[in-house]
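Bear in mind that the values in this text are calculations on the coordinates, not laboratory data. Predicted, not measured: the structure shown is a model, and the values here were computed from it. Don't worry about glycine lacking a Cβ; one is built from the backbone with ideal geometry, like all the others, and counts go over all protein chains shown.
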Amino acid sequence: MSKIRRIRLKTKKYIPVPGTSPGSIQLYEDALKPHITVYSYNLDEFYSKKINSLDELETQIDNYKDHYRWIEIKGIGDAKLLTFLEKKFNINKLVIEDIADCKQRPKLDEYEDYLFAVSRMLYVDKQLEIENEQVSFILFQKLLISFKENYSDNFLPVINRLSGGKGNIRSAGSSYLLYALTDLILDNYFALIYKLGDELETIEELLYRRANKSLMFQTQNIKREMISIRRAAWPERDKINDIIRSESKLINKTSRAYFKDTYDHTMQIIDLIENYKDLTTSLIDMNLSLISQRMNEIMKVLTIISSIFIPLTFIAGVYGMNFAIKDPQTGEILKNNMPELYYENGYLYTIGGMVIIAILQMIYFWRKGWLYKN
């Protein structure tokens, strides 16, 4: 028998501090300390360096100015790092605030020297919980900085492509790297949606065997997860559309063409979500219908049993009144009382009559088709 994996949405609560000035950095209590890796590459070379201090980060940035560079930051629980990057690259304070604020919707903001983009990365962790993680990007001419909330290795396929040097990833510039990472994020959307789709197929299979409330609750939970994915996918589509239509020189022609393909992927994701949302609604309705039908079958059986016993109960009730036909003291015959009370074999006749009545009722119900299972 198939089993449901019970994928569930991991809930996060972010409580903003009211009254703070725009551009201030507000770190959450559970924000992780940054793990920084700098990748420097060109068509012929690839270097990877883990960073342990801000001084080491500055040195690594300055040493490879002729290379394309990617600064990957996992964890944003360090205000000093964010302040350093703000001053080092002359980044707007509002951008730094949005990076620290992990509840941003996907968007694209254009500035004179750089582009700021936000995506939502959704994936299933080892506990079968859906992580909804903010990923922020700052794109310069030959530099890309990425910020992730967690230490997950979701970007590992792109890192492997960089180290292998296959395709355009080393030669097409930093904007192509932004495309590759964005496309990887959307691939995770597909993987998540297909997992939820498999779960819906399992639920549908179990519904045909036996409908119950737990399956309905699980279906409703999947519908809620689909809505969460949709909430991330729609603005992601708008963001990619903004990148395609942007006149910024930071997005080259090669990358722009690939972003058009990514835009098509977002449309496919939205179509899948809408289809699966409709399927969840249909499964919930079917579950309720099957439960109602089963209840009707039960009520039909109980009604037939009750119908059989009603006349039998009536007969037993009549002869249970015990109104004697003769006064036991005077021997006088009492009029209009039960003459059958002292009949020989009266009990057997009564039981036999009850059996005959029950058989006749069963024959009647059978001819009406009430004993057949729909």
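For the range 194-289, a crude dipole built from +1 on the beta carbon of Lys and Arg and -1 on the beta carbon of Asp and Glu, taken about the Cα centre, is about 340 debye to the nearest 20. Toward the positive end of the charge dipole of the chain, with +1 on the Cβ of Lys and Arg and -1 on the Cβ of Asp and Glu, the farthest Cα among Ile273, Ser246, Val318 is that of Val318.
In plain terms, the residue of Phe89, Phe323 with the fewest other Cβ atoms within 10 Å comes first and the most crowded comes last, giving Phe323, Phe89.
Based on Cα contacts under 8 Å between residues 6+ apart, the range 319-368 shows a relative contact order of 24 percent. Relative to the longest principal axis of the chain, what angle (0 to 90°, nearest 10) does the C-alpha long axis of helix 253-318 take? Orientation of helix 253-318: about 10 degrees from the principal axis.
Couplings 3J(HN,Hα) of the range 45-61, computed from phi: 10, 8, 10, 10, 9, 7, 10, 10, 8, 5, 5, 5, 5, 4, 5, 5, 5 Hz, in residue order, whole Hz [Karplus 6.51 cos²θ - 1.76 cosθ + 1.60, θ = phi - 60°; x for Gly and Pro].
Once C-alpha pairs closer than 8 Å and six or more residues apart are averaged by separation and normalised to the residue number of the range 194-316, the relative contact order reads 36 percent.
Entry note, the chain: relative contact order of 14 percent, from Cα contacts under 8 Å with a spacing of 6+ residues. Comparing Leu184, Asn52, Phe365 along the charge dipole axis of the chain, the residue lying farthest to the positive side is Phe365, per the Cβ-charge model.
Rounded to the nearest 20, the size of the Cβ-charge dipole of the range 243-374 about its Cα centre is 620 debye, with Lys and Arg at +1 and Asp and Glu at -1.
For the range 187-200, putting each phi into the Karplus relation 6.51 cos²θ - 1.76 cosθ + 1.60 with θ = phi - 60° gives couplings of 4, 5, 4, 4, 4, 5, 5, 5, 5, 5, x, 4, 5, 5 Hz, in residue order, rounded to whole numbers and with x for Gly and Pro. One entry in (i) 59, 56, 43; (ii) 128, 43, 32; (iii) 58, 55, 52 is Cα extents along the principal axes in Å calculated from the shown coordinates; its label is (ii). Assuming charge only on the beta carbon of Lys and Arg (+1) and of Asp and Glu (-1), the dipole of the chain about its Cα centre is about 600 debye to the nearest 20.
Considering only Tyr343, Ile229, Ile304, and ranking their Cα positions along the charge dipole of the range 220-374 that arises from unit charges at the beta-carbon of Lys, Arg, Asp and Glu, the one farthest toward the positive end is Ile229. Converting phi to 3J(HN,Hα) with the Karplus coefficients 6.51, -1.76 and 1.60 and the offset θ = phi - 60°, the range 137-148 yields 10, 10, 9, 10, 4, 10, 9, 10, 10, 10, 10, 10 Hz in sequence order, with x at every glycine or proline.
Take the chain and mark each of the GluC sites (Glu not before Pro) that is in a DSSP loop with at most 14 other Cβ atoms within 10 Å; the longest unmarked stretch, sites excluded, is 113-246. Taking only the C-alpha atoms of the range 240-311, Rg followed by Dmax gives 27.9, 91 Å.
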